[in-house]
1. Being modelled with pLDDT of 50 or more and acidic (D, E), is that true of even one residue in region 534-545?
2. Since K161 meets every condition but one in (1) open to solvent by 70 Å² or more (accessible area, probe 1.4 Å); (2) within 15 Å of the ligand (Cβ to nearest atom); (3) in contact with an Asp or Glu (Cβ under 9 Å, 6 or more places away or on another chain), which condition does it not meet?
3. Would you call I102 under 34 Å from the mean Cα position of the chain (by Cα) and within 16 Å of the ligand (Cβ to nearest atom)?
4. Just checking, which of E176, E247, E252, E260 is at pLDDT 75 or above and either more than 30 Å from E497 (Cα to Cα) or surrounded by fewer than 19 Cβ atoms within 10 Å (Cβ to Cβ) (or both)?
5. Looking at (1) out of contact with any Ser or Thr (no Cβ under 6 Å at 6 or more places or on another chain); (2) in a helix (DSSP H, G or I); (3) closer than 27 Å to S200 by Cβ, which one does I86 not meet, given that it meets all the others?
6. If I go through region 118-173 residue by residue, how many of them are of a type outside the set (S, T, N, Q) and out of contact with any strand residue (DSSP E or B) (no Cβ under 7 Å at 6 or more places or on another chain)?
7. (1) open to solvent by 30 Å² or more (accessible area, probe 1.4 Å); (2) aliphatic (A, V, I, L, M); (3) modelled with pLDDT of 80 or more; (4) closer than 30 Å to L376 by Cβ: which one isn't true of V181, the others all being true?
8. So which residues in region 631-655 are open to solvent by less than 30 Å² (accessible area, probe 1.4 Å) and in contact (Cβ under 8 Å) with a residue 24 or more places away in the chain, if there are any at all?
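The values are calculated or read from the model by the stated rules, or taken from the named source; none is laboratory data. From a predicted model like this one, the values you see are computed outputs, not experimental measurements. Neighbour counts are summed over all protein chains in view; Cβ atoms, including those assigned to glycine, are modelled from backbone coordinates with ideal geometry. The area values use the complete protein model at the heavy-atom level, side chains included, leaving out ligands, DNA and RNA. Shrake-Rupley method; radii C 1.70, N 1.55, O 1.52, S 1.80 Å.
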Amino acid sequence: MMEHDDLVERLTEFLSEFYKSDLITAVSDGKKFLLIDFSLVDKFDIELADYFLEHPEETIATALEAAKQIETGMGEIDVKLRFINIPESREIRIRNVRSEHISKIVVIEGFVRRASEIRPEVSEAVFQCADCGNKIVVIQTERIIRSPPDCDSCNNKRNFKLVDQKLYDARWVTVEEASEVTSGERPSNIMVYLKEDLTSPKMHNKTDPGNRIKVVGILKELPKRFKGTRSRQMDIYVDANSVESIESEWEELEISLEDEQSIIELANDPLIYQKLIQTIAPALYGMDEVKEAISLQLFGGVLKNLRDRTRVRGDIHLLLVGDPSTAKSSIMKTITSLIPRGKYVSGKGVTAAGLTATVTKDEDFLGGWILEAGALVMCNRSLISIDEFEKIEKNDQVALHEAMEQQSISIAKANIVATLPARTSILAGANPKLGRFDPYLPIKEQIDIPETLLSRFDMKFALRDLPNPDLDAKIADHIMKTRFFNQEEAEPIIKVELMRKYVAYARKNCHPEMSAEAAQELRDFYLTLRGRSGEDSPIAITPRQYEALIRLAEASAKVQLRNTVSREDSQRAIILMKASLRQFGFDPTTGKIDIDRADGAKSTASQRSRIRILMDVIDDIGKRVGKDVPVEDIIRQAREEGLDSPEEILRKMLNEGLIFQPKQGYINKL
Ligand SMILES: [Zn+2]
């Protein structure tokens, strides 16, 4: 132990030398706290620094005493001292926090998962041990003042004297370890106790769920009362001394010089886009456009802060509508492993934990309400795959509107009013209502997702399971090869670990700007499509698709770590957009792209009904002759029903895969 007077003297000397003017300013400005750079303590007096780390409670209290002795000419100094820049050796992974760290300084880092509301007038009682004189602080959560279970210095269990009691505002939060650290394991979490100026409005925002923070504090134990009986298990918590926001996306993902070299090599590979496609889901054959779109989604576009303070998101949202037999879910799961902190959830199961945010009653600690971040918030700055999107509860769907465009989630329930960050890319999967996707029906009639939400996706793709003898043979071979003979072919071209680093690196370091020719290319495409819509035809394309094109082109530039978006990037974006539009909105009658239909609005595509008529004809004949329907009969009956050029429609239906030809002269309906 250091003599008390000695400690006061050293601390007074330190504060006078480094922080005198700051302390005086703090007093005159009425500031409640002052940040102290611990590395200065370390330089000033290494013995004092070591003592601080081992006896933080005592040292911090003494430092306040010391501060009061500094002459300010303006009265007594009464500011909290908040320490930052604690040596790295004190940074402990949450899962490794142990009882040996109790009453020592710890530094932990992670995402706020839950936060209580701020409770005013929480009291803290200070007891003195009758045996050794040690002072023990106990947070009081009940009406009867509770003494400590034992002395943390001499283990005495009785005769504690109440020597002080104070009131303040307090909040507790649960901090969860970032999942890039735990790599797939269940994340660990720890409770952090915030009080006094750490609950100020500014700090309040920083410590709301979804934020990443670094906490310096003293590890303490909290005797937990559970259903009236004191549990033997002691809960630990960090009594915070300072809290800092961490802005960067993936701190812990260490990218070595060697990694950086491999990343740059990849980015410079002329086949990189092809390699990305092959990395997305190597065990699945085909669907290259979908895979390319998803690979661009991983990299994302560039967030723009406009002068009028509006923000345009850089994150890309994609929707996959798939027949139940397609490999939609498999792709959606794979993708979340390729990006740090990516997560896969199902719309059906996600309601309990909450996709957005939930407010519940705090039964454990201070009482009041707790705000808990849902999956979208916890994936802030990453990507979330939401399968069975149509099954999301209606309440959550409402919140998704805000999340997808403003990239935040606002909640106002009980006493809690908060706006949580949700800069999250969404890869959604939906099942068609009728079991099978029909490109000739408006999308709105096929999936249970409100139009307003549908329009927020940058691109939508249909994953259809169509019999196509040629393709089927290739898929069958591919499955055989990857499962039994040549397993390497199912290995992703880019290894998962490297891919995660590549994505993190590009997102962090690359913020490409449009070149004049890239902008021209996108503008021309956009204007041509707009121009194609006549007076009575639906609007061909909306500014939302224009924004999407820009994001896709930016993402394409990020793949090669370029600072400029090139014409080729724009062309890549256009090809993907065309593919997406064709799947949902291409009107086979007019040859126009009908965005209103892609967004689920009513279509004017009159001839779609002709396809329905022809389908009915095929059904009708099929009932008489069986599965294989002669083309001749179809044409004859269609003409009788007054249908013009049925041959042409039949050909289109074949191309679209709505029907197929089992043998020459016969049609088979799916
Ligand atoms: Zn004691």
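1. Residues of region 534-545 that are modelled with pLDDT of 50 or more, as a first pass: 541-545.
In the following step, the residues that additionally are acidic (D, E) were identified as none.
Looking through region 534-545, none of the residues is modelled with pLDDT of 50 or more and acidic (D, E).
2. (3)
3. Working: under 34 Å from the mean Cα position of the chain (by Cα): yes; within 16 Å of the ligand (Cβ to nearest atom): yes.
So I102 passes the test.
4. Numbers: E176 fails: either more than 30 Å from E497 (Cα to Cα) or surrounded by fewer than 19 Cβ atoms within 10 Å (Cβ to Cβ) (or both); E247 fails: at pLDDT 75 or above; E252 fails: at pLDDT 75 or above.
Step by step, each of E176, E247, E252, E260 is checked, and only E260 is at pLDDT 75 or above and either more than 30 Å from E497 (Cα to Cα) or surrounded by fewer than 19 Cβ atoms within 10 Å (Cβ to Cβ) (or both).
5. For I86, the exception is condition (2).
6. Step one: list which residues in region 118-173 are of a type outside the set (S, T, N, Q), which gives 118-122, 124-127, 129-133, 135-139, 142-146, 148-152, 154, 157-158, 160-164, 166-173.
If we keep only those that are out of contact with any strand residue (DSSP E or B) (no Cβ under 7 Å at 6 or more places or on another chain) too, we end up with 131-133, 142-144, 150, 157-158.
Of the residues in region 118-173, 9 are of a type outside the set (S, T, N, Q) and out of contact with any strand residue (DSSP E or B) (no Cβ under 7 Å at 6 or more places or on another chain).
7. Unmet for V181, out of (1) open to solvent by 30 Å² or more (accessible area, probe 1.4 Å); (2) aliphatic (A, V, I, L, M); (3) modelled with pLDDT of 80 or more; (4) closer than 30 Å to L376 by Cβ: (3).
8. I634, A638, L643, P646, I649, L650, M653
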